[in-house]
Amino acid sequence: MKPTRRSVLVAPALGCLSRAATNNPLAPAAPAEVRLLFGGDIMLSRYVGKLARQKRNPAWPLHEVAGLLASADIAFANLESPFSDTGPRSDTGMVFHAEPEMVRALVAAGIDVASTANNHALDCGPHGIQFTMDLLARNGILAAGSGATAQLAHQGVILARKSVGFGFLAYTFDQSNGIHPGIDDRVALMDAAAMRADVGNLLRRADVVIVSMHAGNEYQPAPNILQQRFARAAIDAGAALVIGHHPHVVQPVERYRNGLIFYSLGNLVFDQFQSPGAQRGWIADVRFTGRRLANWTVIPVDIVNTVARLHSLSEADS
């Protein structure tokens, strides 16, 4: 029977999509479980970078959650600040420039895939796009949503875990930050028709496709119509998950057909102290059994003086 198009918004608690396990000793061994952890926006510039320099520890912003993220089979997050080895350091303002050594925060946390398709992608100019991709590659991190050519930006990246190929695509509603002129086709913009084709092409090479979506109204607790249409179109095209970010606050999780949509995970590392809700986020904990989405939950995170901490820990700054 074909799945219906009915969608359901679900609470941020344990969500189970699995069938009961069989007790038949003659049944074939069940596929191995694969655990994926997804974080929201990571910004390693401005006060975040300044504090890390004061601590003399580029890994400082993620050191409290590094063990958790590194324990996953795959860890993913949105990299909100490009890296560059040229140009002025940005300690203030809305143009982000992460110093190259700050990549150690991602490495220490075991980030395997980073979305580089967001509205700050051009903050370090055309050079920053390529420098960021090269720096991530040298550190064993795949960049989703950008590529040396437009074709590569839409091709997606694949990681194999326990005999399952997980493919990642990433898209952004904007790449200019409202400041930079022109469009750089090395960063994938949100276009539903192109995305559907990308998902279909990636499913020929991967078992599971996950779509990253940088979109939404900042600081709003509910998704807008653009987010909903794009995310549901991704599931309709065959994606298993849509991971959203950009609003800087958490938004609902939606069970849609056979897929799951996290409209916004909020921030993971940011210095938006003045914005209500921007110092809290979620890490999405998603389990696959083979290629089947089995269950999920969210892990609440607080950002305390730029440091991501599990919500159960003390909020006192160390």
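The values are calculated or read from the model by the stated rules, or taken from the named source; none is laboratory data. This structure is a prediction, so every number in the text was calculated from the model and none was measured. Counting neighbours? That spans all protein chains shown, and the Cβs are built from the backbone with ideal geometry, glycine included.
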Flagged in the range 202-222 as surrounded by fewer than 24 Cβ atoms within 10 Å (Cβ to Cβ) and not small (Gly, Ala, Ser), in numbering order, are LEU203, ARG204, ARG205, ASP207, ASN217, GLU218, TYR219, GLN220, PRO221
Looking at GLN227, is it among the polar types (S, T, N, Q) and at pLDDT below 95? no
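Yes/no matrix, rows are residues, columns are (1) among the charged types (D, E, K, R); (2) surrounded by fewer than 18 Cβ atoms within 10 Å (Cβ to Cβ); (3) within 20 Å of VAL301 (Cβ to Cβ):
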{"position": "ALA70", "(1), (2), (3)": "no, yes, yes"}
{"position": "PRO82", "(1), (2), (3)": "no, no, no"}
{"position": "ASP91", "(1), (2), (3)": "yes, yes, no"}
{"position": "CYS124", "(1), (2), (3)": "no, no, no"}
{"position": "ASP134", "(1), (2), (3)": "yes, yes, no"}
Among the residues of the range 223-239, the number that are under 22 Å from LYS162 (Cβ atoms), buried (at least 17 other Cβ atoms within 10 Å of the Cβ) and without any contact (Cβ under 8 Å) to a residue 40 or more places away in the chain is 0
Of VAL164, VAL199, the only residue that is closer than 18 Å to ILE235 by Cα and of a type in the set (A, V, I, L, M, F, W, C) is VAL199
Residues of the range 236-282 being modelled with pLDDT of 95 or more, within 16 Å of ASN217 (Cα to Cα) and not in a strand (DSSP E or B), in sequence order, are HIS246, PRO247, HIS248, VAL249, ALA278
Expected single match for in contact with a Lys or Arg (Cβ under 7 Å, 6 or more places away or on another chain) and crowded, with 24+ Cβ neighbours inside 10 Å among HIS120, HIS97 is HIS97
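Let's see how each residue does on (1) in contact (Cβ under 8 Å) with a residue 40 or more places away in the chain; (2) in contact with a Pro (Cβ under 9 Å, 6 or more places away or on another chain):
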site: VAL199; (1), (2): yes, no
site: LEU203; (1), (2): no, no
site: GLY216; (1), (2): yes, yes
site: VAL253; (1), (2): yes, yes
site: LEU260; (1), (2): yes, no
site: THR297; (1), (2): yes, yes
Of those in the range 152-192 that are of a type in the set (A, V, I, L, M) and in contact with a helix residue (DSSP H, G or I) (Cβ under 7 Å, 6 or more places away or on another chain), the residue surrounded by the fewest Cβ atoms within 10 Å (Cβ to Cβ) is ALA192
*Based on what the data block shows, is GLY259 crowded, with 24+ Cβ neighbours inside 10 Å, closer than 28 Å to THR92 by Cβ and of a type outside the set (A, V, I, L, M)?*
no
- Task: Considering every residue within the range 268-278, establish whether at least one is within 22 Å of ALA121 (Cβ to Cβ), out of contact with any Gly (no Cβ under 8 Å at 6 or more places or on another chain), surrounded by fewer than 24 Cβ atoms within 10 Å (Cβ to Cβ) and not small (Gly, Ala, Ser).
- Result: yes
Screening SER84, SER115 for residues that are touching a Ser or Thr at 6+ places or on another chain (Cβ under 6 Å) and farther than 20 Å from HIS63 by Cβ leaves only SER115
